[in-house]
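Take a look at the structure below.
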Amino acid sequence: QVQLVESGGGLVQAGGSLRLSCAASGRTSSVYGMGWFRQAPGKEREFVAAISRSGRSTYYADSVKGRFTISRDNAKNTVYLQMNSLKPEDTAVYYCAAGVSWPSYNKRDYDYWGQGTQVTVSS
């Protein structure tokens, strides 16, 4: 079992930045690839970014490419999502997830999910 806890969400103006963190506990999180997903009101949960078990490979949704950066520190069992140039359409609850060792965009490849952290971007 892996427990995931997200933090770092909040309210920010358009063009601003936030850094989300996802702290993992339980079974060693370094065996898993990690992903960030988001869900806006009335919409399905969508892929944002993913990182491989080693951290050497990453994958991003087109909507965030060039603005968001995913990284991980396996010594701290923590995954980060640096979000720059935020837009109102980035407003959502952001979830981190642990799953297969490669960076996957598919929700079905993830076995463990956090409770989410709210990100609100005002225009």
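The values are calculated or read from the model by the stated rules, or taken from the named source; none is laboratory data. On a predicted model such as this, the values are computed, not experimentally measured, just so you know. Methodologically, a virtual Cβ is constructed for each residue, glycine included, from the backbone with ideal geometry; neighbour enumeration extends over all protein chains shown. Remember, those area values only see protein heavy atoms, side chains included, never the ligands or the DNA or RNA. Shrake-Rupley method; radii C 1.70, N 1.55, O 1.52, S 1.80 Å.
Taking amide H atoms as placed 1.01 Å from N in the peptide plane, list the residues 5 or more away in sequence, or in a different chain, whose amide H sits under 5 Å from that of F68.
N84
Over the chain, what percent of the accessible surface lies on carbon and sulfur atoms, probe 1.4 Å?
On the way: 2820 of 6340 Å².
Heavy-atom surface of the chain belonging to carbon and sulfur, 1.4 Å probe: 44 percent.
Can you count the Lys pairs in the chain with C-alpha separation below 19 Å, eight or more apart or on different chains?
Values: K43/K87; K43/K107; K65/K87; K65/K107.
Going through the chain pair by pair, I get 4.
For region 75-123, what is the relative contact order in percent, using Cα pairs closer than 8 Å and at least 6 residues apart in sequence? Intermediate values should be presented prior to the final figure.
Details: 50 pairs, mean separation 22.6, N = 49.
It comes to 46 percent, rounded to a whole number.
With every protein chain left in place, what is the accessible area per residue of the chain in square angstrom, probe 1.4 Å? All intermediate terms of the calculation are to be shown ahead of the outcome.
Values: 6340 Å² over 123 residues.
Result: 52 Å² of accessible area for each residue.
In whole Hz, with x marking every Gly and Pro, tabulate ³J(HN,Hα) for region 80-89 from phi via Karplus 6.51 cos²θ - 1.76 cosθ + 1.60, θ = phi - 60°.
For region 80-89, the Karplus curve yields 10, 9, 7, 10, 10, 6, 5, 10, x, 6 Hz.
Could you grab the relative contact order for region 1-57? Cα pairs under 8 Å, six or more apart, rounded to a whole percent. Don't skip to the end; give the middle numbers.
Numbers: 69 pairs, mean separation 15.8, N = 57.
Worked out over region 1-57, it gives 28 percent.
Tell me, what ³J(HN,Hα) does each residue in region 90-106 have, in order and in whole Hz, if you take phi through Karplus 6.51 cos²θ - 1.76 cosθ + 1.60 with θ = phi - 60° and put x for Gly and Pro?
Per-residue couplings from phi come out as 7, 4, 4, 8, 9, 10, 9, 8, 10, x, 4, 6, 9, x, 10, 8, 8 Hz.
Enumerate the calculated ³J(HN,Hα) couplings along region 17-22 in order (Karplus 6.51 cos²θ - 1.76 cosθ + 1.60, θ = phi - 60°), each rounded to whole Hz, writing x wherever the residue is Gly or Pro.
Going residue by residue, I get 9, 9, 10, 8, 10, 9 Hz, with x marking Gly and Pro.
With +1 on the Cβ of every Lys and Arg and -1 on the Cβ of every Asp and Glu, and nothing else charged, how large is the dipole of region 45-123 about its Cα centre, in debye rounded to the nearest 20? Write down the numbers at each step before the final one.
Numbers: 10 positive and 7 negative charges, 39 e Å.
Using Cβ point charges on Lys, Arg, Asp and Glu, region 45-123 gives about 180 debye.
Per Stokes-Einstein, at 10 °C and 1.306 mPa s, what whole-number D in µm² s⁻¹ belongs to the chain, with the Kirkwood radius over Cα pairs as the hydrodynamic radius? Before the final figure, lay out the partial values.
Values: Rh = 14.0 Å.
For the chosen part, D equals 113 µm²/s.
Take every DSSP beta bridge whose two residues both sit in the chain, then give the antiparallel share in percent to the nearest 5. The partial results should precede the final answer.
Details: 39 of 43 bridges.
In the chain, approximately 90 percent of DSSP beta bridges are antiparallel ones.
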